[in-house]
Amino acid sequence: MRIALLIVVMVIGFSSAANAQYDYPWCVFGGGLGASGDCMYSTREQCLASASGRSNTYCDVNPRVRFKQQAPQRPR
């Protein structure tokens with residue numbers, strides 16, 4: 001029973017993460033995060049808190065938000 005519950009929770013978690021279509025306004029860049037960075041912060045303070053423990057990272061406005069572009073939609 002526990003394994004079935006674990007599988008259900010994992011499927012729900014993976015499906016909601018794959019359908020994330022919101023572009024958060026703040027990103028952490030640098031430190032091996034790649035060109036797109038880690039864009040999952042609603043406030044600058046959240047971004048700074050996440051970047052503070054990482055080497056060679058900085059916070060900046062999400063480029064898609066800055067230039068008012070929408071995230072590419074995946075075909076279903």
Given the conditions (1) touching a Lys or Arg at 6+ places or on another chain (Cβ under 9 Å); (2) at pLDDT 65 or above, report the number of the one that residue 1 does not fulfil.
(1)
Scan segment 23-41 residue by residue and report those that are part of a loop (DSSP other than H, G, I, E, B) and surrounded by 10 or more Cβ atoms within 10 Å (Cβ to Cβ).
23, 24, 25, 31, 33, 36, 37
Among the residues of segment 33-49, which ones are within 12 Å of the chain's Cα centre (by Cα) and among the hydroxyl-bearing types (Ser, Thr, Tyr)?
36, 41, 42
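The values are calculated or read from the model by the stated rules, or taken from the named source; none is laboratory data. Bear in mind that the values here come from a model prediction, so they are computed numbers and not experimental data. Cβ coordinates were reconstructed from backbone atoms using ideal geometry, including for glycine residues, and neighbour counts include every protein chain displayed.
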